[in-house]
Structure formats: C-alpha cells, structure tokens
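The structure appears right after this line, and notes come after that.
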Amino acid sequence: MLDARVRMEARLLWASLWKRRGRAGLAALAVAIGASVAAALLHVSGDVGVKLSRELRAFGPNLIVAPAAASGERTLDERQVRARCEAVGVSGVPVLYANSIAGGHGVPIAGADLRALATLHPSWKWSGAGPRTSPAAAPANEAYAGATLARRMGWKPGDTLALASPDGSRRATIRIVETLETGTSDEEALWLPLELAQSLAGEPGRVSLVQARVAGGTVAVERAAGQIERGGGVEALPLRALSATEQGLLDRMRRLMLLVTLAALVAGALSAYGTLTDLALERKHEIALLKAVGAPRRRIVGRFLVESAAIGLVGGMLGWLIGAAFALFIGREVFHAALRLQPGVPPLVVALAMLTALVAAAGPIRLALAIEPARALREDG
C-alpha cells in the first residue's frame, strides 16, 4: 500500500513539474547558478593552499638554519644539518659563504647546489638558461657571478678566473657561465658549486647556513623550526614576514571564497523564491480545490517541499557540473596547474542546493496556506 502511494505521489510530482517545466526549469537554473559558484570555490579552496604556496615560492626561503650563538661555532656540519632537516620533512639548500682572492682583489664567494638554489629562488634572474637546465654532470668549475660583482670587476660570461684562498694556500680555476640578478646582497657574490667552495675555503663538509622553504604558513614554519632545533647546536630562524604574508593571504583567500559562496547561494535562493512563488500563483485553483475537499495543511506543505527538493536536486547536480568545469578553468588560468577535484564536494553541493530550494519554498508555502478556497474558486469561476 505504501509503495503504491509513493508511486502515485511520484507520478503526481512528475506531472506537476512537467506541466510547468518552464518555470520549474528557471527555478532549477537559479539554484544551479548559486550551486555552481559554491562548487567551483569548494573545489578551489580544497587545493588553494598547495597552489598558493607554489605561487608564493617566488618569495624565496622562509626558514634559515644557522649555528646557535651559544655553540660558539661559525659553521655547521653539512651532513648533520641535512639529516635534521630531512627528519622533519624539510628540504633545505646548504650554503657556504667565504672569501677568496681574484686578480689581487678580495672576492666574496658562496657555495651551494646551484640547481636546488635556483628552484628555491625562482625570482632570481639569470642571464642565460640558468642552472635549472644545466646537465646533471655539469663541469665542477662552473661559476655564476652576481650582476653587481660582475659589473664592478668587469667580468662577463665565458671569462676564466684564477681564485685563491686569502692565505694563498688553496687555488682553483673557474669559468663564469652566467650572471644573475637577485635584488639582494647575493649579487655581490661569486656562486660556486658547494664542494668547490668548501675546498677553496678549507672547510670540507661545512656550511654557513641552510635555506629552506616550508609550506603551510606561520604555524608550519614555527613547528618545523622547533623540531630542527631539538638536540641543540643549531638555530632555526623563521622569516616571519614571509610566513605571515603567506598565512594571511591564505586566510583572506578562504574568507573571500566563503563570503562569495554564501552570497551566490543567497542570490540563488532569492531567485528561486520568486520563481516558486509564481508557480504557486499559477496553481491557486488547484490549491483551493485541495483545501475544499479537506486536504490537511501538512499534505499541501509536504507537496511543495517535495517539489522544491526535486528542483534543488536537479539544480545541485547541474550546478556541480558547471562548477567543476569552472574550477578546472580557474586552476588552469589562475594557478597554471591542473586542479584536483575534491571527491567530497558533489554531495555537499547537492545538499546545499536542496537546502537553498527548501528555504526558497517558504514563499509558495506561505502563499498556499493563505489561500481561501471559497474566494479563490469564486474568482476562478
């Protein structure tokens, strides 16, 4: 008996919506527009942290690991500091700063894995392709001169230099491959492969500091710094301005997405409210007949709620499809990367769309309950 009744109600629901498919379609479209914005922003917000962190890498490192002041050491053991960083999931670039002599002039040198350093500092400008595209087996004597240093010394790419330690006991011959602009004091240094700089400085296996970038904002950077400092001997210094900027941008982006999502859903609810109210006006005679034959208020209210839920279901599914396409477009055009669609978004969007439609049903329900059967039938008759 219950199944037959459900089937009958389903047929009546379909017949009612199909008969007024134009206005019902408009109501579903109004809900879909709000749901599509919600779907797009929910997909984007799920990936925005990763994408925003990728964009903010242009700021460079946000964590520096250096010798602790209390240790009395001037340098760090490269192997130990690498192990500490890797133990907490931080991939750092060890750097050694030292002095050398070239052509009778004192020249600051810096040693590092230049390909890793270029990845950590994507805003640095290289006069050529840069070490990121250099072959893995690049010559060990290749060097990159800071633009300021190269101008002062009159160096240009292709020049060969003889370097010596300040005491003259260690020597090396290098070839300048490119110049680089950093916008910082790093332009004053001659950048060498780390092992070559260690050999020239007489500091094998030692580094001055480690530059690293930790994704996730201030909290993640502070946590990584605390873990690296355990055991003593090193000091992990978060660059708080960069970390706070990243966290602030991420928080503001998420708040903006939330507000836009709420605004879109409210706009969709208002549009659906007007359309569903018009639908109720068209059915004024039908509602009056139901009341005249003694239909209870809960049946009239239930019918409108079921119709609104059906419209919300259709609008939610359509909105998710549109929103997913829009999210992929945002990922490609804004973040220049493929966006990963979140599996939990479709049911959430459909639920939001159905809730929006049910809220919009307040208009037609209020109108339906206010209809007086005698007057409505007399006016139609």
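The values are calculated or read from the model by the stated rules, or taken from the named source; none is laboratory data. Note that the coordinates shown come from a computational prediction; the quantities given were computed from them, not determined experimentally. Cβ coordinates were reconstructed from backbone atoms using ideal geometry, including for glycine residues, and neighbour counts include every protein chain displayed. Side chains included, ligands, DNA and RNA excluded: accessible areas come from the protein's heavy atoms. Shrake-Rupley method; radii C 1.70, N 1.55, O 1.52, S 1.80 Å.
Here are the numbers:
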{"read-out": "Backbone HN-Hα couplings from phi across the range 202-209 [Karplus 6.51/-1.76/1.60, Hz, Gly and Pro as x]", "value": "x, 10, x, x, 10, 9, 7, 6"}
{"read-out": "Two-site label geometry, R252 and Q227: point separation in nm, points 7 Å out along Cα→Cβ", "value": "2.9"}
{"read-out": "Vicinal HN-Hα couplings computed from phi for the range 90-95 (Karplus, 6.51 cos²θ - 1.76 cosθ + 1.60; Hz; Gly/Pro x)", "value": "10, 9, x, 10, x, 10"}
{"read-out": "Inter-label distance for R332 and L270, nm, one decimal - labels placed 7 Å from Cα along Cα-to-Cβ", "value": "3.3"}
{"read-out": "Length released on extending from R366 to S185, taking residue separation times 0.36 nm less the Cα-Cα span", "value": "58.0 nm"}
{"read-out": "Relative contact order (%) - the range 53-128, alpha-carbon pairs under 8 angstrom, separation at least six", "value": "34"}
{"read-out": "Among 222-234, 201-213, the order from most to least packed when residues are scored by Cβ within 10 Å on average", "value": "201-213, 222-234"}
{"read-out": "R170 accessible area, 1.4 Å probe, all protein chains in place, Å² to nearest 10", "value": "80"}
{"read-out": "³J(HN,Hα) computed for each position of the range 315-324 - Karplus, 6.51 cos²θ - 1.76 cosθ + 1.60, integer Hz, glycine/proline x", "value": "x, x, 5, 5, x, 5, 4, 5, x, 5"}
{"read-out": "Estimated FRET transfer efficiency (V88, V260; beta-carbon r; R0 35 Å; 0.05)", "value": "0.45"}
{"read-out": "Computed accessible area, E73, all protein chains, 1.4 angstrom probe, square angstrom", "value": "110"}
{"read-out": "Residues with amide H under 5 Å from that of L237, placed H, sequence gap 5 or more", "value": "I64, V65, A66"}
{"read-out": "Listed residue (V219, P204, L161) projecting farthest to the positive dipole end of the range 133-229, Cβ model", "value": "L161"}
{"read-out": "Mean separation of Cα contacts under 8 Å, 6 or more apart, over the residue count of the range 99-207: relative contact order %", "value": "38"}
